[in-house]
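A short worksheet on the structure shown next.
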Amino acid sequence: MCIHATRLPVSARKNSGRTCTNRTVHHIERREHGHSRTSRWPAQPLVLCLCRVVIAAIIFAGFARTFYLNSYFAKSHLAPVLLVHGFVFTSWIVVLIVQTSLVAADRTDIHRRLGVFGGVLAALMIVVGVLAAIYSGRRGFTSPNGPPPLVFLVIPIFDLIVFSSVVAVGLYYRNQPDTHKRLMLLSTLGILGPGVARLPIAWILQHGLLAIFGIQDLVLVACITYDTVVHRRLHRAFLWGGLWVILSLPLRMAVASTSAWASFAHWLIR
């Protein structure tokens, strides 16, 4: 309510009345907007943030003995390409979590600026990832109970194909936040396999790729299901992106069984 202590001209009273009305409406909108943001907090940032924390936990647990805490456990010499690979991919996980936190804090201005760095980082991950895969292939690396090294090489290469394609689409839809943030999450779920493979769990070591792919799919489906239940609908980014990530797992093994892949793998590590 607006109370006038003195009598004003008609035009002044009309203007004053409009001012008070505008202030009141603005105040109500601010209150409603604030309430809306508060009510959306559990439904939007928290869902995707939780998924990112799960990813970070798996990556840390998987690489703790051989990378993060290497000096305490494996105490093995790591080639420079593997050190750079670990640093760059860890930076991506950190940026992913920070970006979610910035959106939750309504700092989209910083989020956009950091997104430029994230795009450059993603490109660097592809280059470093290929170099690390070639280095490991030359040294005959494969997963426990896994296929021959040249067949196994298809896995990290396809990881990078899936990652780069989903990130590219995510950057294309950067002006559609709901689609963009889900695609960024999917791109990281697509490269979760190496962390899963190194978890110190006997069942994973025993069953090899079947267990690795199974757990990777389980985490992905859990994140999509949680998001779908909270929002009461399956988002198209999770539908099509999730199918691409899941189908890429058997697809890469089909490619690895071809003579074309065998020739390409030999050429790659020559």
Test Asp109 against the stated conditions and say whether it is of a type in the set (D, E, K, R) and crowded, with 18+ Cβ neighbours inside 10 Å.
no
Within the stretch 240-252, can one find any residue that is surrounded by 13 or more Cβ atoms within 10 Å (Cβ to Cβ) and under 21 Å from Pro144 (Cβ atoms)?
yes
Consider Ile191 carefully, then state whether it is assigned to a loop (DSSP other than H, G, I, E, B) and out of contact with any Lys or Arg (no Cβ under 6 Å at 6 or more places or on another chain).
yes
I'm checking my understanding of the structure. Among residues of the stretch 152-190 that are among the aromatic types (Phe, Trp, Tyr) and surrounded by fewer than 19 Cβ atoms within 10 Å (Cβ to Cβ), which one is nearest to Cys223 (Cα to Cα)?
Tyr173
When you look at Leu218, is it within 16 Å of Val54 (Cβ to Cβ) and either at pLDDT 95 or above or among the aromatic types (Phe, Trp, Tyr) (or both), yes or no?
yes
Scanning the stretch 123-151 for residues that are free of Cβ contacts under 8 Å to residues at least 12 places away in the same chain and closer than 13 Å to Pro194 by Cβ, which turns out surrounded by the most Cβ atoms within 10 Å (Cβ to Cβ)?
Thr142
Please work out which residue is farthest from the chain's Cα centre (by Cα), limiting yourself to the stretch 226-270 and to residues that are more than 26 Å from Gly208 (Cα to Cα) and charged (D, E, K, R).
Arg270
Those residues of the stretch 95-106 which are on the phi < 0 side of the Ramachandran plot and either loosely packed, with under 13 Cβ neighbours inside 10 Å or polar (S, T, N, Q) (or both), in sequence order
Gln99, Thr100, Ser101, Ala105
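The values are calculated or read from the model by the stated rules, or taken from the named source; none is laboratory data. Everything numeric here is computed off the predicted structure, so don't read it as measured data. Counting neighbours? That spans all protein chains shown, and the Cβs are built from the backbone with ideal geometry, glycine included.
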